[in-house]
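Q: My questions will all concern the structure given below.
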Amino acid sequence: MNEYATTTATARIIAVQDDIVSLESSGDRPLTKNEVVYIVPSRGEAKHQERLKAEILRIYGNRADAQVYESTIGVGVGDPVEQSGELLSVELGPGLLGQVYDGLQNPLDLLASQFGYFLPRGVDLPALDRNAKWAFTPCVQTGTRLYAGAALGSVQERRFKHKIMVPFDIRGEAEVTWIQQGNVTVDEPVAKIRLSGGKEQLITLKQRWPVRNPLSQAMLRNNINQRQYPNAPLVTHLRLIDTFFPIALGGTGCIPGPFGAGKTVLQSLIARNSEVDIVIVVACGERAGEVVETISEFPQMIDPATGGSLMDRTIIICNTSSMPVAAREASIYTGITLGEYYRQMGLNVLLLADSTSRWAQAMRETSGRLEEIPGEEAFPAYLDSSIKGIYERAGVVSNADGHTGSLTMIGTVSPAGGNFEEPVTQSTLSTVKTFLGLSADRAYKRFYPAVDPLLSWSRYLEQLNPWYQRELAPDWTKQVQSVLQLLAHGNSVHEMIQVAGEEGVTMEDFVTYQEALFVDMVYLQQDAFDKVDVSVPMQRQKETFMLIMRLIDADLQFSDQNHAREYFTRLTGLFKNLNYAVWQSNEYQQLLDKINHLISAI
Ligand code: ADP
Ligand code: MG
């Protein structure tokens, strides 16, 4: 990213406070909010020619405050500052997939291979490999007129046809004046376009985009993209989510839960098994070890859909422990922008952020150092709008080529002490449309995934009704809602039993309680360590769910409570084995027969 910086200083440092610096412009160039500047430290142990990346947060007259993305040791008053003239941006182009980046899009494996695990300060590496060659195939001819975001051609990036698009910042129609097939690096021109003003511009495989500017919004403004309502679910292969608390493709969801309740494991299951094209994992690690786990585990995982490496469809954005809080804040924006880029190609992208609380805390620290007026629990007053601003970038978008892509966003929230009343959880809840609340109690009982069915909700269950009617069953949504009611009813009977004992409840209530327990054991809970149960396709979920509905709807006549309990215990055993059996195998069929026999015998 250095190549975009000017070489002459146009400002000087006037104050330093941790990773916030104040600077004063010489008046040669205007200061811009969110502009990237480079500080050249002159004191202390700082080596010659080190350049520290910073971003302008606030401007007052010819002065500004900036957050520095590196340690500011050795930075002093009077140090020169170079203005890049560019907002904090990422590189977009082929070669993003399979990469592990830090929050500023430095490739971590490259960093590690060049510098070992102690990352030196001031290192800024190109995000996209400058030497890799890509076979570019044009899809338009000379003379074609196109808008920003329309495809000029494509290269093959792993399993995907990676579209090379007209740069997103171009206004009005551009005419292709030259385009050529060829084997090129990301820096070599493949086409030339004439802009509406008459100027000509070379097109390479890569372009840049400022991370804090929603890409789709820019395209919407130019009438290139159109927003669509989400109309299909993200199929995660997790029964509890897909059946009861769905998240739409292009929708939003959050997973709040106390420490150790299973947020990270749940996100990683969703990342592995979901039916999407591209997965972007933003790891704002709570512990450094967790981040290392993510990086080392993922490349070894097999993509269940293709049998290839999971990294073929994955990008990881990860904060190393050596990076200051400001980089943590940037990482979410970097991740979203990469997601928007692949959505623009017409692909379905899933972004997982773990944990958004760490991101909000970074914002709180920065805000504190800027001495802004604090809101609730010392979070900045704009916390709510920042959280909304992030989730609003999710959505379904159809582009200039008539292709439709989606960006689904799921964030974990880790409230201190598991208290969901705190500001980050509350702001997130008022933004997202699916809430998967993890419960310490269920995690303690090892009821995984430990999502509390009485607490959680999804607005998509109703919104996606047409999809369910078409793909699953005419009354799917209604049936699912009736089972949710059964779970709530079962829970209140359970509470009654704890007070009054089993003899204190009616036979009918006791059966409801047993049914709720049964649904929990065999449907809500899912074994992440079983190779079959870990990932259940939607049609199999439907089959199991319909069987459970038949059972619940059956007119069960028991002689006494023991009789009922025995019946459900046997049924639970059979269903668990059914869950472990390969779908439609002989074993599966035999278990189905036994279950049907048991149901009709009662
Ligand atoms: P959090 O991110 O909420 O702090 P983790 O996702 O790291 O919690 O989970 C903590 C531990 O709980 C895991 O190391 C694992 O032992 C257990 N766990 C969580 N989810 C599951 C699951 N679905 N299946 C089995 N064990 C799980
Ligand atoms: Mg975690």
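The values are calculated or read from the model by the stated rules, or taken from the named source; none is laboratory data. Only a predicted model underlies this, so the values are computations on that prediction, with no experimental measurement involved. Every residue, glycine among them, receives a Cβ derived from its backbone with ideal geometry; neighbour counts consider all protein chains shown.
Q: Kindly indicate whether LYS263 is within 13 Å of ligand 1 (Cβ to nearest atom), touching a strand residue (DSSP E or B) at 6+ places or on another chain (Cβ under 8 Å) and touching a residue at least 12 places away in the same chain (Cβ under 8 Å). Steps first, answer last, please.
A: Working: within 13 Å of ligand 1 (Cβ to nearest atom): yes; touching a strand residue (DSSP E or B) at 6+ places or on another chain (Cβ under 8 Å): yes; touching a residue at least 12 places away in the same chain (Cβ under 8 Å): yes.
Here the answer is yes, as LYS263 does meet what is asked.
Q: Taking the options GLN201, GLN217, GLN228, name whichever one is surrounded by fewer than 18 Cβ atoms within 10 Å (Cβ to Cβ), within 19 Å of the chain's Cα centre (by Cα) and away from ligand 2 (no atom under 16 Å from the Cβ).
A: Values: GLN201 fails: within 19 Å of the chain's Cα centre (by Cα); GLN228 fails: within 19 Å of the chain's Cα centre (by Cα).
Testing whether each residue is surrounded by fewer than 18 Cβ atoms within 10 Å (Cβ to Cβ), within 19 Å of the chain's Cα centre (by Cα) and away from ligand 2 (no atom under 16 Å from the Cβ) leaves just GLN217.
Q: Go through (1) modelled with pLDDT under 95; (2) surrounded by 14 or more Cβ atoms within 10 Å (Cβ to Cβ) for GLN526 and report which single condition fails.
A: (1)
Q: Among the small types (Gly, Ala, Ser), over 22 Å from ASP277 (Cα atoms) and modelled with pLDDT of 95 or more - does that describe any residue in the range 149-159? Break it down into steps so the answer makes sense when it comes.
A: Here is the first cut: in the range 149-159, the residues among the small types (Gly, Ala, Ser) are 149-151, 153-154.
Now restrict to residues that are over 22 Å from ASP277 (Cα atoms): none.
Within the range 149-159, not a single residue is among the small types (Gly, Ala, Ser), over 22 Å from ASP277 (Cα atoms) and modelled with pLDDT of 95 or more.
Q: Hey, another quick one. Given (1) closer than 26 Å to ASN491 by Cβ; (2) within 16 Å of ligand 1 (Cβ to nearest atom); (3) without any contact (Cβ under 8 Å) to a residue 12 or more places away in the chain, identify the lone condition not met by ASP533.
A: Of (1) closer than 26 Å to ASN491 by Cβ; (2) within 16 Å of ligand 1 (Cβ to nearest atom); (3) without any contact (Cβ under 8 Å) to a residue 12 or more places away in the chain, only one is false for ASP533: (3).
Q: Determine which member of the set GLU503, GLU471, GLU508, GLU515 is surrounded by 20 or more Cβ atoms within 10 Å (Cβ to Cβ) and charged (D, E, K, R). Outline the logic, then answer.
A: Values: GLU503 fails: surrounded by 20 or more Cβ atoms within 10 Å (Cβ to Cβ); GLU471 fails: surrounded by 20 or more Cβ atoms within 10 Å (Cβ to Cβ); GLU508 fails: surrounded by 20 or more Cβ atoms within 10 Å (Cβ to Cβ).
Of the residues listed, the single one that is surrounded by 20 or more Cβ atoms within 10 Å (Cβ to Cβ) and charged (D, E, K, R) is GLU515.
Q: Would you mind finding the one in GLN498, GLN526, GLN539 that is within 30 Å of LEU234 (Cβ to Cβ) and free of Cβ contacts under 8 Å to residues at least 12 places away in the same chain? It would help to see each step written out before you state the result.
A: Values: GLN498 fails: within 30 Å of LEU234 (Cβ to Cβ); GLN526 fails: free of Cβ contacts under 8 Å to residues at least 12 places away in the same chain.
Just one listed residue meets the conditions, GLN539.
Q: Given (1) farther than 21 Å from TYR342 by Cβ; (2) touching a helix residue (DSSP H, G or I) at 6+ places or on another chain (Cβ under 8 Å), where does THR177 come up short, assuming only one miss?
A: Just one mismatch for THR177, condition (2).
Q: Hey, PHE379 hits all of (1) within 30 Å of ALA150 (Cα to Cα); (2) out of contact with any strand residue (DSSP E or B) (no Cβ under 6 Å at 6 or more places or on another chain) but one; which does it fall short on?
A: (1)
Q: Oh, and also: Do we find a residue being surrounded by fewer than 16 Cβ atoms within 10 Å (Cβ to Cβ) and on the phi < 0 side of the Ramachandran plot anywhere in the range 87-96?
A: Keep residues of the range 87-96 that are surrounded by fewer than 16 Cβ atoms within 10 Å (Cβ to Cβ), which gives none.
No, there is no match, as no residue in the range 87-96 is surrounded by fewer than 16 Cβ atoms within 10 Å (Cβ to Cβ) and on the phi < 0 side of the Ramachandran plot.
Q: Consider only pairs whose beta carbons are under 8 Å apart and that are at least six residues apart or on different chains; among these, list those whose first residue lies in the range 279-298 and is under 15 Å from VAL325 (Cα atoms) and modelled with pLDDT of 70 or more and whose second residue is near ligand 2 (Cβ under 10 Å from one of its atoms) and assigned to a loop (DSSP other than H, G, I, E, B).
A: Here the result reads CYS284/SER355, each pair linking the range 279-298 to a residue that is near ligand 2 (Cβ under 10 Å from one of its atoms) and assigned to a loop (DSSP other than H, G, I, E, B).
Q: Quickly run through the range 177-202 and pick out the residues that are farther than 20 Å from PRO94 by Cβ and not in a loop (DSSP other than H, G, I, E, B). Please lay out each step first, then the result.
A: Within the range 177-202, the first condition is being farther than 20 Å from PRO94 by Cβ, and the residues that meet it are 177-178, 194-200.
Residues satisfying the conditions are THR177, TRP178, ARG194, GLU200.
Q: Here are some conditions: (1) within 16 Å of ligand 1 (Cβ to nearest atom); (2) in contact (Cβ under 8 Å) with a residue 60 or more places away in the chain; (3) not assigned by TED's automatic domain parsing to the domain that holds ILE255. VAL451 meets all but one. Which one does it not meet?
A: Result: VAL451 fails condition (3) only.
Q: Now a separate question. Mind checking whether some residue in the range 321-329 is more than 16 Å from ligand 1 (Cβ to nearest atom), at pLDDT 95 or above and of a type in the set (A, V, I, L, M, F, W, C)? Show your work before the answer.
A: Filtering the range 321-329 for residues more than 16 Å from ligand 1 (Cβ to nearest atom) gives 321-329.
Those still in the list that are at pLDDT 95 or above too: none.
Scanning the range 321-329 turns up no residue that is more than 16 Å from ligand 1 (Cβ to nearest atom), at pLDDT 95 or above and of a type in the set (A, V, I, L, M, F, W, C).
Q: Right, here's the next one. Quick one: is MET301 more than 16 Å from ligand 2 (Cβ to nearest atom) and either modelled with pLDDT of 90 or more or closer than 20 Å to ALA248 by Cα (or both)?
A: Numbers: more than 16 Å from ligand 2 (Cβ to nearest atom): yes; either modelled with pLDDT of 90 or more or closer than 20 Å to ALA248 by Cα (or both): no.
Judged against the criteria, MET301 is not a match.
Q: Looking only at the range 557-578, decide whether some residue is within 25 Å of LEU472 (Cβ to Cβ), touching a residue at least 40 places away in the same chain (Cβ under 8 Å) and not in a helix (DSSP H, G or I).
A: No - not one qualifying residue is present in the range 557-578.
Q: Any chance the range 238-252 includes a residue that's within 12 Å of ligand 1 (Cβ to nearest atom), buried (at least 24 other Cβ atoms within 10 Å of the Cβ) and over 20 Å from VAL349 (Cα atoms)?
A: no
Q: With respect to GLY418, determine if the residue is more than 15 Å from ILE332 (Cβ to Cβ), within 16 Å of ligand 1 (Cβ to nearest atom), at pLDDT below 95 and not hydrophobic (A, V, I, L, M, F, W, C).
A: For GLY418, the condition - more than 15 Å from ILE332 (Cβ to Cβ), within 16 Å of ligand 1 (Cβ to nearest atom), at pLDDT below 95 and not hydrophobic (A, V, I, L, M, F, W, C) - is met.
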